[in-house]
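Asker: Before we start, here is the structure in question, set down as structure tokens.
Bear in mind that the values in this text are calculations on the coordinates, not laboratory data. All figures in this text were calculated on a predicted structure; none of them were measured in a lab. So basically every Cβ, Gly included, is an ideal-geometry build from the backbone, and we count neighbours across all protein chains shown.
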Amino acid sequence: MIIQSLLGEFKHEVENTRKLLQAIPDSALDYKPSEKNWTTGQLASHIAEVYNWFGPTFNQDTMEMSTYSYDKGDITKAANIVAKFEENAKNALEVLENAKDETMMNMWTMLMNGEPAGMPPMPRAVVVRGFLFNHLYHHRGELIVYLRATGNNVPGLYGPTADEAMG
């Protein structure tokens, strides 16, 4: 039951993520709102990478970040980021389709050099919601602001935007 509800949301939201990533023009990839922020390309790459975390989150009780290899790929072209997203989203869907409800209350921990990091140990279901799903939604919101700041159109994710005709 848990996995089925997550699958429905995942399938809907992966389409929204795809629309948003496909809206990024190459001309916006180097934009960043301040020195503290990532560039559009880095942020979009991070969004694509979060889908790569489904395997360790669903199939392991811990995720050791000090040994995690982040492959941002070539972020000089928006199409490369979309291709990385497509690969990672496909793999994430497969992980989710093979997940079992029985494991969703198992405790899960993020580690850095063997020590809990970033969040306390918590049930896998909570981690999936916060570390995977909500994390993606948060960064998509940032990406929308980046697109607006660079004068680009924003696709509707939950209905039309100001860039789309009302139907």
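Asker: For residue 132, only one of the following conditions fails: (1) within 24 Å of residue 66 (Cβ to Cβ); (2) without any contact (Cβ under 8 Å) to a residue 60 or more places away in the chain. What is its number?
Answerer: Here residue 132 clears every test but (2).
Asker: Can you give me the number of residues within region 1-46 that are touching a residue at least 24 places away in the same chain (Cβ under 8 Å), farther than 15 Å from residue 82 by Cα, surrounded by 13 or more Cβ atoms within 10 Å (Cβ to Cβ) and hydrophobic (A, V, I, L, M, F, W, C)?
Answerer: 5
Asker: Just to be sure, is residue 118 farther than 16 Å from residue 47 by Cα and not charged (D, E, K, R)?
Answerer: In short, yes.
Asker: With the requirement that a residue be assigned to a loop (DSSP other than H, G, I, E, B), surrounded by fewer than 17 Cβ atoms within 10 Å (Cβ to Cβ) and touching a residue at least 40 places away in the same chain (Cβ under 8 Å), what does region 92-117 give you?
Answerer: 100, 106, 113, 114, 117
Asker: Take the residues of region 118-139 that are within 19 Å of the chain's Cα centre (by Cα) and outside any helix (DSSP H, G or I): which is surrounded by the fewest Cβ atoms within 10 Å (Cβ to Cβ)?
Answerer: Only one residue tops the list, namely 118.
Asker: Of the conditions (1) in contact with a Pro (Cβ under 9 Å, 6 or more places away or on another chain); (2) in a loop (DSSP other than H, G, I, E, B), residue 36 clears all except one; give me its number.
Answerer: Just one mismatch for residue 36, condition (1).
Asker: Right, residue 142: charged (D, E, K, R) and in a helix (DSSP H, G or I) or not?
Answerer: yes
Asker: Of the residues 81, 47, 24, which is of a type outside the set (Ser, Thr, Tyr), out of contact with any Asp or Glu (no Cβ under 6 Å at 6 or more places or on another chain) and part of a loop (DSSP other than H, G, I, E, B)?
Answerer: Within the list 81, 47, 24, the selection yields 24.
Asker: Working only within region 65-90, note down all residues that are basic (Lys, Arg) and either crowded, with 19+ Cβ neighbours inside 10 Å or in contact with a strand residue (DSSP E or B) (Cβ under 7 Å, 6 or more places away or on another chain) (or both).
Answerer: Residue satisfying the conditions is 84 alone.
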